[in-house]
Structure formats: C-alpha cells, structure tokens
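The block underneath contains the structure these notes are about, expressed in structure tokens.
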Amino acid sequence: MDKSKQSFRKYKRSFRRRLPPIGSGDRIDYRNMSLISRFISEQGKILSRRVNRLTLKQQRLITLAIKQARILSLLPFLNNEKQFERAESIPRISGLKTRKK
C-alpha cells in the first residue's frame, strides 16, 4: 500500500468489551456484603467510579450502601489490620516509673 494512503487510514484498536461489575440480578443493598466488598480498597476506602466501571446511579447507590453498612457496624470505617500486626511484633518498653518511698 502507498505511504500517502496509509496516513489517512485510522488505526483500529481491537479491544474486548468488559462485562459490567454489577449484573442485572444483583441488588445494591447494605446487606449484600459480597457485592459491597468488591468496591472497597484494602484500606477501607470507597473506590472511584472510573476504577469500578460503574454508572453514576450505580456508584451513588454503592456509596450509600457502604455508608449504611458502616453505620450499622457491618463494615469497618478503617481497615487497620496491617497496623495491628506491626504493633504486636514490636516490643513495647514500659515508660512508667515507680516511686521510691
């Protein structure tokens, strides 16, 4: 093919269409922990809509469900598992001094 004709041809990128993360049968609810936990990071933060590939309405419903689950103590506000593990492995030095009489 001629080089002049190649420059006008658009590059067609083949990509596979990803499946939506929420199926039609899934109900977005604060009790559906298996669904909600997919949209929370390891630190307990709500992932963004761009990362989740959700519509605006779905993201709002997920956010509300996560917040309701946190208020009802179904989810922690923060996920500090790593901090607890680190704190247990470090030996603590007692800083309390006893009084001499």
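The residues of segment 33-72 present an accessible area of 67 Å² per residue when probed at 1.4 Å with all protein chains retained.
Only protein atoms count toward the accessible area here, which uses a 1.4 Å probe; on segment 33-72, the carbon and sulfur part of that area reaches 57 percent.
Each other residue within a Cβ distance under 15 Å of residue 32 adds +1 if Lys or Arg and -1 if Asp or Glu, for a net charge of +3.
The values are calculated or read from the model by the stated rules, or taken from the named source; none is laboratory data. Source: prediction; values computed, not measured. All Cβ positions, even for glycine, are placed from backbone atoms using ideal geometry, and neighbour counts span all protein chains on display. Just the protein is used for accessible areas: all its heavy atoms, side chains included, with ligands, DNA and RNA removed. Shrake-Rupley method; radii C 1.70, N 1.55, O 1.52, S 1.80 Å.
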